[in-house]
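A short write-up of the structure that comes next.
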Amino acid sequence: MAVPKKKTSKSKRDKRKATWKNKAALQAQKALSLGKSVLTGRSTGFVYPSDEDNEDEES
C-alpha cells in the first residue's frame, strides 16, 4: 500500500533551487566570457573560421 512521503522543508527546497540557479549563472558567465574572447580574437582554445580565411579561399 502506498505511503505518503514526508514534506520537504522550505530551507532544503530553497537550497536546491539556489544551487541550480548558481550553476546556471556560472555557465552563462563562462559562455559570455568565451563570446567576448572570440570577438576580440584573444581565444586560444576555441577553433573557428575567421573572416580573413574566407576571403583568401574566395580569391
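Some notes on this structure:
- Residues that are among the polar types (S, T, N, Q), at pLDDT 95 or above and open to solvent by less than 100 Å² (accessible area, probe 1.4 Å) within segment 15-59 comprise just one, T19.
- S11 meets all of the listed conditions (1) exposed (fewer than 10 other Cβ atoms within 10 Å of the Cβ); (2) at pLDDT below 95 but one, namely (2).
The values are calculated or read from the model by the stated rules, or taken from the named source; none is laboratory data. Quantities reported herein were computed from a predicted structural model and do not represent experimental measurements. Neighbour counts run over all protein chains shown; Cβ positions are idealised from the backbone, glycine included. With ligands, DNA and RNA removed, areas are computed over all heavy atoms of the protein, side chains included. Shrake-Rupley method; radii C 1.70, N 1.55, O 1.52, S 1.80 Å.
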